[in-house]
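The values are calculated or read from the model by the stated rules, or taken from the named source; none is laboratory data. Only a predicted model underlies this, so the values are computations on that prediction, with no experimental measurement involved. Cβ: placed from backbone, ideal geometry, glycine included. Neighbour counts: every protein chain shown. These accessible areas exclude ligands, DNA and RNA; they are computed on the full protein's heavy atoms, side chains included. Shrake-Rupley method; radii C 1.70, N 1.55, O 1.52, S 1.80 Å.
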Amino acid sequence: ISSPLASITKRNNHGKTIMCRPSTFLGLAIQVSSLLSFCHPFSTNHNARIRQQHALSSTTPTTTTSLQSQILDFVEPTTGVPVKLVGAMHYNPASIKLAEDTINALAEEGRLGSIIIESCDIRWNATMENEMVKDALLSEMKAAHDLGMQYERPVVLGDQRINITVDQLKFGAKEAVLDLVQPWNGGWGRLVDSISSARKVAVPLGEEFLGLGSFFDPKLLASAPVSFIKYPLSYFVKSPVFAVAVFALIILGDVDSSNALSTDTVSTTDLVESLLFSILETAIFARIFLKELLAERNVVLADSILEQCRNYETESNSGWLDKLFQADGAGDKSTGAVYAPGSVVGKPEDGKTVVAVLGLAHCNGIKKLLTETQN
């Protein structure tokens, strides 16, 4: 799949073929605006959602942070355990502080249960092996992990393993391209249905979900430049060869664009072709972003949260089979949990809240899965 900086072939007045390439900022603007139109993870009634959060019972305590709009509080219905989803912009100092304040507040109240972070064992181990990423490029997940270790609480690597995600991305991209080039065989319809169904599951809308203010909070946006520097830098440090190759392609593409645009004038036909290509390209991007990167990973993350909730399940919510096989009450009730190296293992306890530190885009879909799906 080509990037938003895909080349446009045209001929000048002398019949010579040249390559014109849109600017980096124009390509990014098209992708971002199109992505927002497909995802649209916003609610128009943000104040109502905040009032609803403050009206929650004492079993789901709220924090006093000014970034409260990035937190989703609810009770997991099958276990009766309070859950707190902390939405973050990765590497954003405001998000790091929000995660730390939330965990510290629960620990002081004696309510801190397990901490789930949006990472897998492969990614986490790679991060811990790199001293610069581990120390200088502090993320909200690393901050949450460190507090979990300090308070001796279970820290769970709850995300889908990266190798599975990469395989699914390849398959999803291939499937989207095949649908795109086969309109006569119902391909376009399948692509639209896939994007629409994934959006409904991964990015649900409503007053009970994160709204516009959550994504465009002034403090979050004020710290966004730090994220824009640290996030790409983390990839550069962990995979320097790949990062340099991508950066070189972008730079060379901009040089080609400057030379091409200086030698000829882009016609209306070329602009229409470029716009059409960008739309098709964005459709493929929306398909793999919503389905493979959000919806499918949300299922894994939600399952990790649910499994930890089983350790803090109230007596009234436990079935007789659970009571029979967990009579000693000392073992980890979760199934398939991947704990961070050095973390304590979960065990049955009362009055705890499960905390998950996730990217903002994951929060709404995960809450929908945990509150509306029968487990």
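Taking the conditions exactly as written (open to solvent by less than 50 Å² (accessible area, probe 1.4 Å), of a type outside the set (Ser, Thr, Tyr) and touching a strand residue (DSSP E or B) at 6+ places or on another chain (Cβ under 7 Å)), does LEU191 satisfy them or not? Full working, then the answer.
Numbers: open to solvent by less than 50 Å² (accessible area, probe 1.4 Å): yes; of a type outside the set (Ser, Thr, Tyr): yes; touching a strand residue (DSSP E or B) at 6+ places or on another chain (Cβ under 7 Å): no.
Judged against the criteria, LEU191 is not a match.
This table checks each residue for (1) at pLDDT 95 or above; (2) of a type in the set (A, V, I, L, M, F, W, C); (3) open to solvent by 10 Å² or more (accessible area, probe 1.4 Å); (4) out of contact with any helix residue (DSSP H, G or I) (no Cβ under 6 Å at 6 or more places or on another chain).
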position: VAL81; (1), (2), (3), (4): yes, yes, no, no
position: ILE103; (1), (2), (3), (4): yes, yes, no, no
position: GLU109; (1), (2), (3), (4): yes, no, yes, yes
position: GLY113; (1), (2), (3), (4): yes, no, no, no
position: ASP135; (1), (2), (3), (4): no, no, yes, yes
Quiz item: Among (1) part of a loop (DSSP other than H, G, I, E, B); (2) within 16 Å of VAL338 (Cα to Cα), which single condition is LEU138 missing?
Solution: (2)
Quiz item: Residues GLU292, GLU281: which one is at pLDDT below 85 and buried (at least 16 other Cβ atoms within 10 Å of the Cβ)?
Solution: GLU281
Self-check item: Check on LEU169, open to solvent by less than 30 Å² (accessible area, probe 1.4 Å) and either out of contact with any Gly (no Cβ under 6 Å at 6 or more places or on another chain) or of a type in the set (S, T, N, Q) (or both)
Solution: no
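Could you run through region 123-133 and say how many residues are at pLDDT 75 or above and surrounded by fewer than 17 Cβ atoms within 10 Å (Cβ to Cβ)? Steps first, please.
Here is the first cut: in region 123-133, the ones at pLDDT 75 or above are 123-129.
Filter once more, keeping what is surrounded by fewer than 17 Cβ atoms within 10 Å (Cβ to Cβ): 125-126, 128-129.
Result for region 123-133: 4.
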Quiz item: Looking at GLN182, GLN168, GLN160, which is the one that is more than 21 Å from the chain's Cα centre (by Cα) and more than 16 Å from VAL86 (Cβ to Cβ)?
Solution: GLN182
Quiz item: What is the number of the single condition among (1) open to solvent by less than 30 Å² (accessible area, probe 1.4 Å); (2) at pLDDT below 80 that ILE305 does not meet?
Solution: (2)
Self-check item: Qualifying positions in region 331-359 - open to solvent by less than 50 Å² (accessible area, probe 1.4 Å), of a type in the set (Gly, Ala, Ser) and under 23 Å from the mean Cα position of the chain (by Cα)
Solution: ALA337, ALA340, ALA356, GLY359
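Condition check ((1) in contact with a Pro (Cβ under 6 Å, 6 or more places away or on another chain); (2) of a type in the set (Lys, Arg); (3) outside any helix (DSSP H, G or I)) across all residues:
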{"residue": "TYR91", "(1), (2), (3)": "no, no, yes"}
{"residue": "ASP101", "(1), (2), (3)": "no, no, no"}
{"residue": "ALA105", "(1), (2), (3)": "no, no, no"}
{"residue": "TRP124", "(1), (2), (3)": "no, no, no"}
{"residue": "ALA143", "(1), (2), (3)": "no, no, no"}
{"residue": "GLY148", "(1), (2), (3)": "no, no, no"}
{"residue": "ARG153", "(1), (2), (3)": "no, yes, yes"}
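For the structure I just gave you, tell me whether LEU276 is open to solvent by less than 70 Å² (accessible area, probe 1.4 Å) and either closer than 30 Å to VAL192 by Cα or at pLDDT 80 or above (or both). So that I can check it myself, show each step before the final result.
Numbers: open to solvent by less than 70 Å² (accessible area, probe 1.4 Å): no; either closer than 30 Å to VAL192 by Cα or at pLDDT 80 or above (or both): yes.
In short, no.
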Practice problem: List every residue pair whose Cβ atoms lie under 9 Å apart, where the two residues are 6 or more positions apart in sequence or sit on different chains, the first residue falls within region 201-227 and is buried (at least 18 other Cβ atoms within 10 Å of the Cβ) and β-branched (Val, Ile, Thr), and the second residue, located anywhere, is assigned to a loop (DSSP other than H, G, I, E, B) and at pLDDT below 85. | Solution: VAL203/HIS40; VAL203/PRO41
